[in-house]
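The values are calculated or read from the model by the stated rules, or taken from the named source; none is laboratory data. These numbers come from a predicted model, not from an experiment. Note that we place each Cβ from the backbone using ideal geometry, even for glycine, and neighbour counts take in every protein chain shown. Calculation scope for accessible area: heavy atoms of the full protein, side chains included, ligands and nucleic acids excluded. Shrake-Rupley method; radii C 1.70, N 1.55, O 1.52, S 1.80 Å.
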Amino acid sequence: MLINQDPHQLDLWQWTIGMMPVRMRAFCSFGKYRNIEVEDDVTAYVEYENGATGVFVTTTGEAPGTNRFEVNGDRGKIVIEDGTLTFWRLRESEPEFNQRFTGGFGQPECWKCEIPITGVETGHPGLIRNWVDAIRTGAPLIAPGEDGIHGLTLSNAMLLSTWADNWVDLPIDEDLFYEHLQERIASSTTKKDQDYSSGQPADLTQTFK
């Protein structure tokens with residue numbers, strides 16, 4: 001799931017935040033909802049060098065699904081969901097408010113601000129046009145290939161944390177990841193009906209039925 005259904009969410013997460021976490025503790029379930037040997041339910045907790053924390057949750061066992069991105073700070077929070085960007089703006093910072101507040105329960109005055117989104121999502125066609133423009137005219141790439149390593153690092157860290165049943169530091173120990181991966185490949189009971197070493201295209205005729 002992490003490398004097939006969710007790579008875009010992992011890319012957007014680290015790209016939007018602008019930095020990678022320094023350590024992670026993740027819990028992946030394998031074959032929880034489907035008869036598969038790979039992960040189909042994941043919860044991960046991350047910590048950043050500046051003290052910020054984050055939680056990433058994804059699953060294939062949810063309908064209708066949720067696609068939500070939320071960033072919380074001391075002056076409010078930003079929520080992106082269902083094509084809408086909402087800024088919950090606090091009049092004053094939460095720490096300052098609670099430092100002087102003497103009541104039992106309270107919070108700073110807050111405004112819900114709907115932020116207009118003026119851009120147009122071009123999807124894959126837009127990225128392909130950008131790639132062609134980079135070749136023809138030297139235009140800067142929107143998504144350089146080398147940036148893909150960040151999302152892959154996050155997914156690999158989630159798997160390694162689960163396999164080792166422990167915290168992992170980022171960047172991860174690649175030798176340890178490879179060792180755990182080989183153990184799972186060796187113990188796989190899934191029947192491999194097709195020989196991919198022949199160089200022939202995979203038969204995907206049953207994939208979308």
Looking at (1) touching a strand residue (DSSP E or B) at 6+ places or on another chain (Cβ under 7 Å); (2) free of Cβ contacts under 8 Å to residues at least 40 places away in the same chain; (3) of a type in the set (A, V, I, L, M), can you tell me which one residue 26 breaks? (2)
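Residue 36: at pLDDT below 95 and either assigned to a strand (DSSP E or B) or surrounded by 12 or more Cβ atoms within 10 Å (Cβ to Cβ) (or both), yes or no?
Working: at pLDDT below 95: yes; either assigned to a strand (DSSP E or B) or surrounded by 12 or more Cβ atoms within 10 Å (Cβ to Cβ) (or both): yes.
Answer is yes for this residue.
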Does the range 63-70 include one or more residues that are under 23 Å from residue 6 (Cβ atoms), open to solvent by 40 Å² or more (accessible area, probe 1.4 Å) and in contact (Cβ under 8 Å) with a residue 40 or more places away in the chain? yes
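On the basis of being among the charged types (D, E, K, R), out of contact with any strand residue (DSSP E or B) (no Cβ under 9 Å at 6 or more places or on another chain) and open to solvent by 50 Å² or more (accessible area, probe 1.4 Å), does residue 81 make the cut?
On the way: among the charged types (D, E, K, R): yes; out of contact with any strand residue (DSSP E or B) (no Cβ under 9 Å at 6 or more places or on another chain): no; open to solvent by 50 Å² or more (accessible area, probe 1.4 Å): yes.
Answer is no for this residue.
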In the range 89-115, how many are out of contact with any helix residue (DSSP H, G or I) (no Cβ under 9 Å at 6 or more places or on another chain), free of Cβ contacts under 8 Å to residues at least 24 places away in the same chain and either at positive phi or open to solvent by 100 Å² or more (accessible area, probe 1.4 Å) (or both)? 5
Given the conditions (1) open to solvent by 60 Å² or more (accessible area, probe 1.4 Å); (2) more than 30 Å from residue 29 (Cα to Cα); (3) modelled with pLDDT under 90, every one holds for residue 145 apart from (2)
